[in-house]
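Just so it is clear, none of the values below were taken in a lab; they were calculated from the coordinates. Keep in mind that what you see is a predicted model, and the values were worked out from it rather than measured. Neighbour counts are summed over all protein chains in view; Cβ atoms, including those assigned to glycine, are modelled from backbone coordinates with ideal geometry.
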Amino acid sequence: MKTDFSINVQVNIGVTPEVVQLVTSILQRTPPTEIAPATSEQPGESAATTQGKRGKGKAKPAPDTTAEAEVAPTPEASAEGKELTEQDVREAMHRTRQRIEGEDYKNNTDSEGYKKYHKQLTATFKNIAALLGSDKPSTLPADKRESFIKQCDELIVKDGEIITEAPF
């Protein structure tokens, strides 16, 4: 017995055209092309008439896309033009510890976050470094530091354990 399924997903309301194009490329497993506004409207049609044709109910006004959202630069984004150093690796571990153990993890070693997660984080940092080919994070080769920093930023606490959330 052979069963084929085809799922058609359309995400067009409340998101920018760039996000629609990105999600579409992910779902179709094709690399995203140059991001350009992707609209499904025919010339001369408004979003309300296009939506009415789909039979989705009442027309909603199109979101205002004139204002760009301010995005704070991440340490990785600011480091794109330079080679990452051991200090960048240390800062990534520090940020992760602050996020998980608490802002005052260095001075307050009696805190609950420190007691629960400090040793776990140390082991996790060493495991990530080992997977990237080094004994400890500070001795990572320059080409592996960016990967280490990204993995540190992806660490979360779930059910009392330090994990990396699956991307899907």
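Worth a mention:
- Region 141-168 residues near the modelled GLN98 label - backbone nitrogen below 15 Å, point 7 Å along Cα→Cβ: 153
- One chain, two ends: ALA166 and LYS126. Fully extended at 0.36 nm per residue, the span grows by 12.4 nm beyond their Cα-Cα distance.
- For HIS94, net neighbour charge (Lys/Arg +1, Asp/Glu -1) across residues whose Cβ lies under 13 Å away: -2
- Estimated from the Cβ-Cβ distance and a Förster radius of 35 angstrom, the FRET efficiency linking HIS118 and GLU18 is about 0.30.
- Phi angles across region 153-162 convert, under the Karplus curve 6.51 cos²θ - 1.76 cosθ + 1.60 with θ = phi - 60°, into 3J(HN,Hα) values of 5, 8, 5, 9, 9, 9, 6, x, 10, 8 Hz, Gly and Pro given as x.
- Inter-site label distance for ILE26 and LYS106 at 7 Å from Cα along Cβ, in nm: 3.6
- Peptides 101-112, 85-96 ranked from most to least packed, by the mean per-residue count of other Cβ atoms within 10 Å: 85-96, 101-112.
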